[in-house]
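Participant: Questions regarding the structure given below will be posed in turn.
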Amino acid sequence: MNKKIIKFDVQKNVNPNFKSVWTTKKPYNILKGGRNSFKSSVIALKLAFMMISYLILGKKANVVVIRKVGNTIRDSVFNKIQWAIKIFGMNRRFKATVSPFKITHKKTGSTFYFYGQDDFQKLKSNDINDIIAVWYEEAAEFGSEEEFDQTNVTFMRQKHIDAMFVYFFWSYNPPRNPYHWINEWSDRMKGEEDYLVHISSYLDDELGFVTDQMLKDIERIKNNDYDYYRYIYLGEPVGLGTNVYNMNLFKERETLFSDDRIIGLYYSLDTGHSVSATTCGCYGLTAKGKIILLNTYYYSPAGQVKKMAPSELSEQIHMFITKTSTCEHWKGARIQKRTIDSAEAALRNQYYRDYGQHLLPIAKKKKIDMIDHVHDLLAQGRFYYLKNPFKTGMKYADSNDIFIEEHKKYQFDEKTLNSDDPKVIKEDDHTVDQFQYACVANAREWRLKG
């Protein structure tokens, strides 16, 4: 029986801008660029092509793919490698498993291994051997270049006997802060003999991979917030400035949209008890993808002689959720998620004890990354707030003014701007925090960067 001939036309699948990546003879390859630049797709195709070169000779070869956080693997690199294998028409010759994440060639045992850097001990102790390449996807999520160094040496020792060296690939969207360690690192590697530093954006697409729908969405963001467009789509570290948000992108509404109904409700809490404020935001998702701040609960203990106990706050939050979720103006919209600061245990436990309902703790990211989720929503032009929320009759609700005022005052600390880890001024930022929690917790449902 004749073996199936593998046909792959590089020129139809890889944009000319990536020729240096496809033909690279350098062991270290850094690919940075904006969204929809297809850098990750090119790496996935390159890794599949490299492995197939060994399979044709009947030899075993392994590839390691790493992300900072393991629970992001399935929806990113795992699917991307399967897509690349399918492009080569080889998907039936591989078996994919999810526990652990592996994609294995049935005949030779050649395997794509997937790891989270957060499980470093397992990563370090695994003897994979026959390694030909390692890929760090979303490399900007890592804490420093030293995190790469810790694992690189391990993989170098397990090099395939027929390979000159282990190829390393890094891919990421440059953070907007020019002083972020990965921006400085990649700039430092330019011109180094063993390093290829490659830059790409959607503008480099000559093969038509960027669809008209994508281009329309990009143009909308370009018109809404040009700096954010440069950062997200051109991959430029545009800097931070002192004001965190462009308040022109917080769109005020007198009424709900007559042609776009609310289909889901989301709640987000930041709590303070006896020292700082407790706030809960009620957000509505519309059928057309808009996000509307419908109402804000805000209680501050400052100046209060008798401050609320967790049991009282639990009752208040439950009343706020009950009254807003049953509002006749979005009748039928269901509560999708209730999110709370992960550091808050007292109110979370009290609420479950009182009402048997879990407030889901947010998986916090670095502050700058949570801010980026909000930037993404704002730049898409999909965020609105009601000037006059529909009344619940509660003392500490029925106004979104504090939400807007806190966002107006939200600033970076100038002293930290020229650093790898810029800080925000932590004053009057409770609604700001709960909005960030909402955007991070509901990134997928709200179509935000993940």
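The values are calculated or read from the model by the stated rules, or taken from the named source; none is laboratory data. Quick caveat: nothing in here was measured; it's all calculated off a predicted structure. Every residue, glycine as well, gets a Cβ built from its backbone with ideal geometry; the counts of neighbours run over all protein chains shown. Heads up: the accessible areas ignore ligands, DNA and RNA and are worked out on the full protein's heavy atoms, side chains in. Shrake-Rupley method; radii C 1.70, N 1.55, O 1.52, S 1.80 Å.
Participant: Could you order the peptides 308-316, 264-272 from most to least packed, using the average number of other C-beta atoms within 10 Å per residue?
Facilitator: Answer by packing, highest mean first, reads 264-272, 308-316.
Participant: Label residue 309 and residue 184 with points 7 Å out from Cα along Cα→Cβ: what is the distance between them in nm?
Facilitator: For residue 309 paired with residue 184, the spin-label model returns 5.1 nm.
Participant: What's the extension gain from residue 206 to residue 243 if we count 0.36 nm per residue and subtract their Cα-Cα distance?
Facilitator: So the chain would gain 9.6 nm between residue 206 and residue 243.
Participant: Report, in deg cm²/dmol and to the nearest 500, the calculated mean residue ellipticity at 222 nm for the chain, where each DSSP H run with n ≥ 4 adds -39500 (n - 2.57) and the sum is divided by the residue count.
Facilitator: It comes out at -9500 deg cm²/dmol, rounded to the nearest 500.
Participant: Sticking with this structure for a sec: So what is the relative contact order of segment 147-275, in percent, for Cα pairs below 8 Å that sit 6 or more residues apart?
Facilitator: Reported relative contact order: 25 percent.
Participant: Across segment 290-296, in residue order, what do the Karplus-derived ³J(HN,Hα) couplings come to in whole Hz, using 6.51 cos²θ - 1.76 cosθ + 1.60 with θ = phi - 60° and x for Gly and Pro?
Facilitator: So the J values, rounded to whole Hz, are 7, 10, 10, 6, 8, 6, 10.
Participant: Ok, one more. Along the charge dipole of the chain, Cβ charges K/R +1 and D/E -1, which of 339, 228, 272 sits furthest on the positive end?
Facilitator: 339
Participant: At a 1.4 Å probe radius, carbon and sulfur cover how many percent of the accessible area of segment 355-450?
Facilitator: Answer for segment 355-450 is 48 percent, counting heavy atoms of protein chains only.
Participant: Do you know the relative contact order of the chain, to the nearest whole percent, from alpha carbon pairs under 8 angstrom that are 6+ apart?
Facilitator: 16 percent
Participant: Here is a follow-up. Under a 10 Å cutoff between Cα atoms, tell me which one of 99, 276, 342 has the largest fluctuation in the Gaussian network model of the chain.
Facilitator: Of 99, 276, 342, the most mobile in the Gaussian network model is 99.
Participant: Same structure, new question: Could you derive backbone 3J(HN,Hα) for segment 26-35 from the dihedral phi with the Karplus parameters 6.51, -1.76 and 1.60 (θ = phi - 60°), listing whole Hz in sequence and x where the residue is Gly or Pro?
Facilitator: 9, x, 10, 10, 9, 10, 10, x, x, 5
Participant: Within segment 217-333, count lysine pairs with alpha carbon atoms under 26 angstrom apart where the residues are 8 or more positions apart or belong to different chains.
Facilitator: So the count of such lysine pairs works out to 14.
Participant: OK, next. Determine Rg/Rh for the chain; Rg is computed over alpha-carbon atoms and Rh is the Kirkwood hydrodynamic estimate from the same atoms.
Facilitator: 1.02
Participant: Which FRET efficiency, nearest 0.05, do residue 71 and residue 345 yield, Cβ-Cβ r, R0 30 Å?
Facilitator: 0.85
Participant: Using the heavy atoms of the protein chains and a 1.4 angstrom probe, tell me the accessible area per residue for segment 294-450 in square angstrom.
Facilitator: Counting only protein heavy atoms, the per-residue value for segment 294-450 is 49 Å².
Participant: Let me ask something additional. About its Cα centre, what dipole magnitude does the chain give when the only charges are +1 on Lys and Arg Cβ and -1 on Asp and Glu Cβ, stated in debye to the nearest 20?
Facilitator: 2200 debye
Participant: Ok, one more. Quick one: length gained pulling residue 336 to residue 192 fully straight, 0.36 nm per residue minus the C-alpha distance?
Facilitator: Here the segment from residue 336 to residue 192 would lengthen by 46.8 nm.
Participant: What is the distance, in nm, between label points placed 7 Å from the Cα along the Cα-to-Cβ direction at residue 318 and at residue 215?
Facilitator: Rounded to a tenth, the inter-label distance reads 5.6 nm.
Participant: Right, another one. Working out 0.36 nm times the residue gap between residue 325 and residue 447, then minus their Cα-Cα distance, what length gain in nm do you get to one decimal?
Facilitator: Taking 0.36 nm per residue and subtracting the Cα distance, the gain is 41.7 nm.
Participant: Would you work out which of 158, 109, 134 lies farthest towards the positive end of the dipole of segment 90-185? Charges go on Cβ: Lys and Arg +1, Asp and Glu -1.
Facilitator: Among 158, 109, 134, the one farthest towards the positive end of the dipole of segment 90-185 is 109.
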